[in-house]
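Worksheet: one structure, shown below.
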Amino acid sequence: MGTELGRLREAVASVREALPADLVPRVGLALGSGLGGFAEHIDVTARVPYERIAGFPVSSVEGHAGRLLFGTLAGVPLVAMDGRVHLYEGYAPANVVAPVRLLGLLGAKAIILTNAAGGVAPALEPGDLMLITDHIATLVPSPLAGPHEPELGPRFPDMSEVYSPRLRALAHDAAREVGVALKEGVYLQMPGPAYETPAEVRMAATLGADAVGMSTAIEAVAAHAMGLEVAGISCITNKAAGLSPAPLSHEEVQAMAARASKDFAALLANLIARLGAPPRAASPS
Ligand code: HPA
């Protein structure tokens, strides 16, 4: 089959072959730079490397393994993308979002996207966690361009509330319970792989961005278009270019992500447990 949906169906079939038939993930999770350690919190029942998935992109960048992890956390069935592929690796937008769409086609109803990002807003410091309230994706190509596939969403999907208010409220509840500060802001996706120039960071601020990164927004577009509930959390690993005297490096980004990973993991684990809890009964009126 030559269509994107056809390729995704082949991917679903090859993943299903590697899984117990009754394993249906409820929550999808994309682990960003330096957050691969979160896999330790999952009771993993199956690991499926991307290279074993028909038609799947294989990740290359340092620090990103490429595999799906199936398992449970606090009893919630989930599938985690342990590693993702990026536009800056040269992949077409549809390939970049293939793992996210696959998670949806495998049955996930909610997806939590995590990433490392540079802080643009003065209040964001390295080590902070930022809940994404909205994004700017217009500087990167749309993953929805091309022939319309109704099963992947409407031709002109609404994007007025990409990041689910329900999940955002649960993330704040989770942060309070585990005692982790959770800031909020708008994420702007840059094409990368070069970090921004100081002028580009000023542009990002002018456009209304609080943080800049190289992933997530196009994944959120694809996930929201197909009807998934989306949450996004950035680990602010550095002040964006020009806002601190130090030059940026991938090593620094990974080191800061690793330092924040304990808080990040506690927050994620609590949020996932909440996603598995039955909805709170409506209070009597
Ligand atoms: N810019 C873009 N992507 C990033 C940054 C940054 O400053 N930090 C981590 N990922």
In the stretch 133-170, the residues that are acidic (Asp, Glu), outside any loop (DSSP other than H, G, I, E, B) and over 15 Å from Ser234 (Cα atoms): Glu151
Which one is nearest to Val79 (Cα to Cα) among residues in the stretch 1-54 that are part of a strand (DSSP E or B) and touching a Pro at 6+ places or on another chain (Cβ under 8 Å)? Val27
For residues that are closer than 18 Å to Ile111 by Cβ and out of contact with any helix residue (DSSP H, G or I) (no Cβ under 7 Å at 6 or more places or on another chain), scanning just the stretch 27-59, find the one that is surrounded by the fewest Cβ atoms within 10 Å (Cβ to Cβ). Ala39
Breaking point among (1) closer than 21 Å to Asn270 by Cβ; (2) modelled with pLDDT of 95 or more; (3) of a type outside the set (Ser, Thr, Tyr), for Gly127: (2)
Being touching a His at 6+ places or on another chain (Cβ under 9 Å) and touching a residue at least 60 places away in the same chain (Cβ under 8 Å) narrows it down to one of Val96, Val178, Val120, Val140, so name that one. Val96
Answer from Gly227, Gly242 - the residue that is more than 22 Å from Gly119 (Cα to Cα) and not basic (Lys, Arg): Gly227
Would you mind telling me which numbered condition in (1) within 13 Å of the ligand (Cβ to nearest atom); (2) hydroxyl-bearing (Ser, Thr, Tyr); (3) under 18 Å from the mean Cα position of the chain (by Cα) Tyr163 fails? (1)
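Looking at the stretch 191-238, which of its residues are assigned to a loop (DSSP other than H, G, I, E, B), within 15 Å of the ligand (Cβ to nearest atom) and either among the β-branched types (Val, Ile, Thr) or under 15 Å from the mean Cα position of the chain (by Cα) (or both)? Can you show your working first?
Initial filter on the stretch 191-238 (assigned to a loop (DSSP other than H, G, I, E, B)): 191-197, 208-210, 214-216, 226-228.
Then drop every residue that is not within 15 Å of the ligand (Cβ to nearest atom), which leaves 191-197, 209-210, 214-216.
Passing the criteria: Thr197, Met214, Ser215, Thr216.
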Would you mind finding the one in Phe70, Phe56 that is closer than 20 Å to Glu229 by Cα and aromatic (Phe, Trp, Tyr)? Phe70
I'd like the full set of residues that are within 18 Å of the chain's Cα centre (by Cα) and surrounded by fewer than 16 Cβ atoms within 10 Å (Cβ to Cβ), limited to the stretch 168-183. Ala169, His172
Within the stretch 246-264, residues in contact (Cβ under 8 Å) with a residue 24 or more places away in the chain and not hydrophobic (A, V, I, L, M, F, W, C) come out as His250, Gln254, Arg259, Ser261, Asp263
Is one or more of the residues making up the stretch 239-258 more than 10 Å from the ligand (Cβ to nearest atom) and closer than 19 Å to Val140 by Cβ? no
Go through (1) closer than 14 Å to Met214 by Cβ; (2) assigned to a strand (DSSP E or B) one by one and return the number of the condition Met130 breaks. (1)
Scan the stretch 224-245 and report the pairs whose first residue is without any contact (Cβ under 8 Å) to a residue 60 or more places away in the chain and whose second residue is within 16 Å of the ligand (Cβ to nearest atom), with Cβ atoms within less than 6 Å and a gap of 6+ or a chain change. Gly242/Pro198; Gly242/Val201
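The values are calculated or read from the model by the stated rules, or taken from the named source; none is laboratory data. Keep in mind it's a predicted model, so treat the numbers as computed, not measured. Because the Cβ atoms are built from the backbone with ideal geometry, glycine has one as well, and the counts that use them run over all protein chains shown.
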